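The values are calculated or read from the model by the stated rules, or taken from the named source; none is laboratory data. What you are looking at is a predicted structure, and each value in this text was computed from that prediction instead of being measured. Cβ placement follows ideal geometry from the backbone for every residue including glycine, while neighbour counts extend to all protein chains displayed. Keep in mind that these areas ignore ligands, DNA and RNA; they rest on the heavy atoms of the full protein, side chains included. Shrake-Rupley method; radii C 1.70, N 1.55, O 1.52, S 1.80 Å.
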Amino acid sequence: MTDYARRRDGVRGRLEDANIDALLVTSLSSTRYLTGFSGSSGGVVVALDPAHDRLITDFRYQTQVATECPDIMALIERTVGVDLARHTVGAGYQRVGFEKAHLSVADHERIREVAEHVTLVPTEGIVETSRTVKDDDEIAAIAGRHGNDLAARFPTRKRLEVVHRNDLVLL
């Protein structure tokens, strides 16, 4: 299992707590965290059934997705948010969460049009909560970017808190 699949599993556990069948993730930073995709247009569906997890992006990234995201099925579509919703409708989900801080009103209205029989549930912090717990690779990358060996100084610490924009504290 890849780190990305483990991360999606962590989010999956939070779906049950939020009483939703799937989550539409439209934040690019959260999409990258959950899939490894580094393009500028994309989103991901994390579903209770991992077989229904999907990465959606447009045609410009078809080759990139195959390289960066081999552990999740990718759909190449035109409109990320709407096509994420279409996928959840096709999977038969009834309650679908969306990141309320990362979805425009216009996109929300378009999603409601294609998912008229689905209850859309605004969510907050489902992915971000998972992102605060860092794995060993993330700790090493952060330590490398900050020019000191945080990972060696605090080998058992896994939770990073951003206190100020440029300050990290390991708890």
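Compute, for GLU113, the solvent-accessible surface of its heavy atoms (probe 1.4 Å) with the complete set of protein chains present, and express it in square angstrom to the nearest 10.
Probe radius 1.4 Å; accessible area of GLU113 about 140 Å².
Give the accessible surface of the range 1-129 per residue, rounded to a whole number of Å², with probe radius 1.4 Å and ligands, DNA and RNA excluded.
For the range 1-129, the solvent-accessible area averages 50 Å² per residue.
Counting every Cα pair in the range 1-153, what percent are over 26 Å apart?
Here the tail beyond 26 Å accounts for 24 percent of pairs.
Count neighbours as other Cβ atoms within 10 Å of each site's Cβ, and list the trypsin sites (Lys or Arg not before Pro) in the range 61-124 that are DSSP loop with at most 16 such neighbours.
Hits after loop and neighbour filter: ARG78.
How high is the relative contact order of the range 6-122, given as a whole-number percent (alpha carbon pairs under 8 Å, six or more residues apart)?
Relative contact order, the range 6-122: 26 percent.
Just to be sure I understand the model, the point goes 7 Å from the Cα along the line to the Cβ. What's the resulting GLU138 to GLU116 distance in nm?
Once both label points are built, they end up 4.0 nm from each other.
For the range 72-80, what does the Karplus curve 6.51 cos²θ - 1.76 cosθ + 1.60, with θ = phi - 60°, yield as ³J(HN,Hα) per residue in whole Hz, taken in order and with x for Gly and Pro?
Residue by residue, the range 72-80 yields 9, 5, 10, 10, 9, 9, 8, 10, 4 Hz.
Under a 1.4 angstrom probe, counting protein chains only, how are HIS108, HIS102 ranked by accessible area, largest first?
HIS102, HIS108
Round to the nearest 0.05 the FRET efficiency obtained for GLU109 and ARG78 when R0 = 22 Å and r is the Cβ-Cβ distance.
0.80
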